[in-house]
Amino acid sequence: MATIHRLDAAGTRAPHSERVVLEALSKLGNDWTIFHSVRWQSVRRGRPGDWEADFIVMHPDRGLLVLEVKGGSIEVVGGRWYATSYYGDRNEIKNPYSQASDSKYALIEFFRNLKPPLRHVRVAHAVVFPAVEVFRELGPNAPLGNTLDAAKLKEPDVALHQVFDHWQQSCRLSTSDQHQIVGLLAPTVFLRAMLRTRVERSEADLIRLTQEQQDIFDRLKGMRELLVLGGPGTGKTLLALERARLLAKQGAKVRLVCYNELLGRMLRSATTGETLVDCVTFHGLCVREATAVGMKMPATPDVAWWDEEAPRRLVEAIKLRDPQIDALIVDEGQDFAPSWFAALRSDLVDESSPFYVFADDRQELQRRNWREGCVIEASYTLTENCRNTLPIATHVNALFGEPPPVRGAAGIEPRIRQLADDADVAGEVLDLAQNLMQIHGLSPSDVVILADDTTLVRKLRRLSVDQYPIVDYGEQGVVAVTVARFKGLESPAVVLVLTDADGRTADPTTTAYVGLSRARSAGFVLARQSHAVGACFKHSL
């Protein structure tokens with residue numbers, strides 16, 4: 001029995017004509033592989049584009065065959081094509097042979113742009129009319145040799161070999177070739193967790209794509225622009241990374257941009273060796289491109305310069321050269337100002353180049369009104385938390401009065417402790433961190449201290465937990481950073497310290513939301529009594 005990969009989105013129902021063809025093809029032998037409803041993106045004639053095929057058939061001794069299906073009754077009048085549906089509706093349609101041919105050459109180009117390319121894979125095309133019988137050629141590009149009708153579908157094996165004979169096509173595909181083609185056209189993707197160490201009791205060392213994430217991954221393949229929304233832990237960064245890697249594998253030059261310096265560092269590390277993926281922070285990109293064309297940077301730029309002048313410098317620098325990027329991906333888009341999106345898009349080689357933004361409105365610490373600049377009509381919202389344990393996800397949702405998630409990994413309840421206003425906060429943090437390592441067996445790399453007070457972070461970095469120094473992110477020891485700086489990252493265990501010292505510039509609920517959601521398996525909150533902890537955790541205490 002043929003191997004069948006149905007790639008239509010979950011919950012959708014294929015047209016009747018395609019269901020008829022699928023039923024016929026399912027009778028093929030074990031050496032056939034059938035892909036139904038295939039979408040891909042490739043650069044053809046110098047422009048990126050979205051392509052699709054109703055079916056792609058693979059045989060180890062023949063290669064690939066693209067099938068375009070047209071149901072109902074068919075008429076060709078003066079070279080123009082018309083189809084009458086099963087319900088009597090008559091409409092003009094595109095020449096299906098031209099559609100099949102275009103898809104074939106786009107697929108060939110897709111294979112040629114791979115790294116390394118699959119140049120030896122041969123591809124033919126044909127058109128299937130499952131509701132009628134065809135007795136003569138239907139046009140100069142529509143010979144009987146690459147036409148399948150209702151009669152031929154009764155013996156699909158014979159009919160498909162006849163099409164390959166028409167094209168005089170044979171192509172020996174090795175087992176490795178076949179696995180690679182299946183991986184490209186019907187990918188099974190596992191996104192490995194970004195952490196290198198985990199709490200010993202963690203039940204998994206792999207973050208699996210949920211069905212929801214697989215749906216969005218498939219949707220990304222077929223859409224030129226998409227805004228992906230989701231709360232913490234829903235896999236936005238992992239999906240952004242995977243999309244960047246796949247586009248690069250197809251030969252596209254991809255720019256993956258974020259705001260946060262530490263997140264940018266992690267993204268660069270995750271794409272080491274991916275020469276076609278440019279991972280960079282927005283302001284790092286502005287400085288890099290402006291410097292490359294000889295623009296001078298101010299010695300001590302202020303916030304206004306970074307927000308307003310930096311994107312202008314980027315646009316000016318790009319105008320001095322040709323655009324360079326085939327696809328643009330923005331992670332943590334809620335951190336961006338409206339003008340930044342326009343500046344980034346100015347480096348796309350074409351207006352139709354793929355553009356994706358991943359964001360969470362409730363993590364908008366910077367308050368730059370990002371939505372005004374992110375003009376993308378199509379959006380998708382992720383809802384399933386695949387990073388935090390169920391108790392942590394429940395507390396995070398409660399901060400904004402949302403119901404607890406339906407499912408999730410088991411884990412310990414977050415521990416929340418209020419401190420007197422005159423308490424030694426640094427001492428309390430040291431005691432808790434020491435307890436986690438000495439009694440609970442966590443290693444220094446398992447624990448991250450997050451605070452809303454930059455002064456407290458600087459103070460902690462002059463101290464140590466036992467023999468382990470408290471350090472900045474990326475250094476050896478127990479990491480202590482601000483909540484804002486750690487946004488987009490995660491840790492097996494988080495000690496979140498809320499003193500309200502920065503309450504004038506950051507919403508305390510948002511800070512608590514971002515901070516606690518960084519904890520993968522264990523979360524501990526220390527908060528002064530004067531902090532708005534009652535409002536933040538009223539559903540949790």
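Answer yes or no as to whether Glu274 is open to solvent by 40 Å² or more (accessible area, probe 1.4 Å) and within 18 Å of Pro354 (Cβ to Cβ).
For Glu274, the condition - open to solvent by 40 Å² or more (accessible area, probe 1.4 Å) and within 18 Å of Pro354 (Cβ to Cβ) - is met.
With the requirement that a residue be touching a helix residue (DSSP H, G or I) at 6+ places or on another chain (Cβ under 7 Å) and not in a loop (DSSP other than H, G, I, E, B), what does segment 356-375 give you?
Passing the criteria: Tyr356, Val357, Phe358, Ala359, Asp361, Arg362, Gln363, Trp370, Glu372.
What's the number of the only condition in (1) farther than 30 Å from Val349 by Cα; (2) at pLDDT below 95; (3) buried (at least 21 other Cβ atoms within 10 Å of the Cβ); (4) among the aromatic types (Phe, Trp, Tyr) that Trp32 fails to meet?
Trp32 satisfies every listed condition except (2).
Quick check on segment 40-48. Is at least one of its residues small (Gly, Ala, Ser), touching a Pro at 6+ places or on another chain (Cβ under 9 Å) and either surrounded by 14 or more Cβ atoms within 10 Å (Cβ to Cβ) or in a loop (DSSP other than H, G, I, E, B) (or both)?
To start, the set of residues in segment 40-48 that are small (Gly, Ala, Ser) comprises 42, 46.
When the remaining residues are screened for being touching a Pro at 6+ places or on another chain (Cβ under 9 Å), the result is 42.
Imposing the further condition that a residue be either surrounded by 14 or more Cβ atoms within 10 Å (Cβ to Cβ) or in a loop (DSSP other than H, G, I, E, B) (or both) reduces the set to 42.
Taking every residue of segment 40-48 in turn, at least one turns out to be small (Gly, Ala, Ser), touching a Pro at 6+ places or on another chain (Cβ under 9 Å) and either surrounded by 14 or more Cβ atoms within 10 Å (Cβ to Cβ) or in a loop (DSSP other than H, G, I, E, B) (or both).
From the set of residues in segment 398-427 that are open to solvent by less than 80 Å² (accessible area, probe 1.4 Å) and of a type in the set (Val, Ile, Thr), which is farthest from Glu384 (Cα to Cα)?
Among those that are open to solvent by less than 80 Å² (accessible area, probe 1.4 Å) and of a type in the set (Val, Ile, Thr), it is Val425.
Among the numbered conditions (1) touching a helix residue (DSSP H, G or I) at 6+ places or on another chain (Cβ under 8 Å); (2) within 30 Å of Ser517 (Cα to Cα); (3) open to solvent by 20 Å² or more (accessible area, probe 1.4 Å); (4) in contact (Cβ under 8 Å) with a residue 24 or more places away in the chain, tell me where Ser346 comes up short.
(2)
Quick one: would you say Leu239 is more than 22 Å from Gly474 (Cβ to Cβ), crowded, with 21+ Cβ neighbours inside 10 Å and either in contact with a His (Cβ under 6 Å, 6 or more places away or on another chain) or at pLDDT 90 or above (or both)?
So Leu239 does not fit the description; no.
Suppose we filter segment 32-71 for residues that are of a type outside the set (D, E, K, R) and on the phi > 0 side of the Ramachandran plot; how many remain?
Result for segment 32-71: 3.
Considering segment 64-90 alone, what residues qualify as being open to solvent by 30 Å² or more (accessible area, probe 1.4 Å) and at pLDDT 90 or above?
Correct list: Lys70, Ser73, Ile74, Glu75, Val76, Val77, Gly78, Gly79, Arg80, Tyr82.
Could you figure out which of (1) over 29 Å from Gly230 (Cβ atoms); (2) under 35 Å from the mean Cα position of the chain (by Cα) isn't true of Pro405?
Every listed condition holds for Pro405 apart from (1).
What are the residues in segment 462-480 that are open to solvent by 50 Å² or more (accessible area, probe 1.4 Å), in contact with a strand residue (DSSP E or B) (Cβ under 6 Å, 6 or more places away or on another chain) and either in contact (Cβ under 8 Å) with a residue 60 or more places away in the chain or aliphatic (A, V, I, L, M) (or both), if any?
Residues satisfying the conditions are Leu463, Tyr473.
Give the residue that is nearest to Met223 (Cα to Cα), with candidates limited to residues of segment 351-363 that are modelled with pLDDT under 90 and either among the hydroxyl-bearing types (Ser, Thr, Tyr) or open to solvent by 20 Å² or more (accessible area, probe 1.4 Å) (or both).
Only one residue fits best here, namely Ser352.
Report whether or not Ser176 is under 26 Å from Thr3 (Cβ atoms), among the polar types (S, T, N, Q), outside any strand (DSSP E or B) and under 34 Å from the mean Cα position of the chain (by Cα).
Yes; evaluated as a whole, the condition is true for this residue.
Check segment 76-89 and report whether any residue there is part of a helix (DSSP H, G or I) and in contact with a helix residue (DSSP H, G or I) (Cβ under 7 Å, 6 or more places away or on another chain).
no
Tell me which of these Gln366 doesn't satisfy, since it passes every other one: (1) in contact with a Gly (Cβ under 9 Å, 6 or more places away or on another chain); (2) touching a residue at least 60 places away in the same chain (Cβ under 8 Å).
(1)
Filter segment 16-32 for residues that are farther than 25 Å from Leu173 by Cβ and among the basic types (Lys, Arg) and give the result.
Residue satisfying the conditions is Arg19 alone.
Can you name the number of the only condition in (1) open to solvent by 80 Å² or more (accessible area, probe 1.4 Å); (2) at pLDDT 70 or above that Pro130 fails?
If we test Pro130 against (1) open to solvent by 80 Å² or more (accessible area, probe 1.4 Å); (2) at pLDDT 70 or above, just (1) comes out false.
Return the pairs, sorted by first residue and then second, in which the second residue is assigned to a loop (DSSP other than H, G, I, E, B), the first residue lies in segment 286-299 and is more than 20 Å from Cys258 (Cα to Cα), the beta carbons are less than 8 Å apart, and the residues are 6+ apart or on different chains.
Hits for this filter: Val293/Leu320; Val293/Arg321.
Being β-branched (Val, Ile, Thr), in contact with a strand residue (DSSP E or B) (Cβ under 8 Å, 6 or more places away or on another chain) and surrounded by fewer than 24 Cβ atoms within 10 Å (Cβ to Cβ) narrows it down to one residue among Val457, Val497, Val483; which is it?
One residue alone meets the criteria, Val457.
Taking Gly273 as meeting all but one of (1) under 22 Å from Leu246 (Cβ atoms); (2) touching a residue at least 12 places away in the same chain (Cβ under 8 Å), write down the number of the exception.
(2)
Can you tell me which condition Tyr105 does not meet? The list is (1) over 28 Å from Val182 (Cβ atoms); (2) of a type in the set (Ser, Thr, Tyr); (3) open to solvent by 60 Å² or more (accessible area, probe 1.4 Å), and all the others hold.
Result: Tyr105 fails condition (1) only.
Select the helices (runs of 4 or more DSSP H) contained entirely in segment 247-338, then report the ones holding at least 3 residues which are in contact with a helix residue (DSSP H, G or I) (Cβ under 9 Å, 6 or more places away or on another chain) and closer than 28 Å to Pro232 by Cα.
By residue number, 261-270, 282-292.
The values are calculated or read from the model by the stated rules, or taken from the named source; none is laboratory data. From a predicted model like this one, the values you see are computed outputs, not experimental measurements. Don't worry about glycine lacking a Cβ; one is built from the backbone with ideal geometry, like all the others, and counts go over all protein chains shown. Heads up: the accessible areas ignore ligands, DNA and RNA and are worked out on the full protein's heavy atoms, side chains in. Shrake-Rupley method; radii C 1.70, N 1.55, O 1.52, S 1.80 Å.
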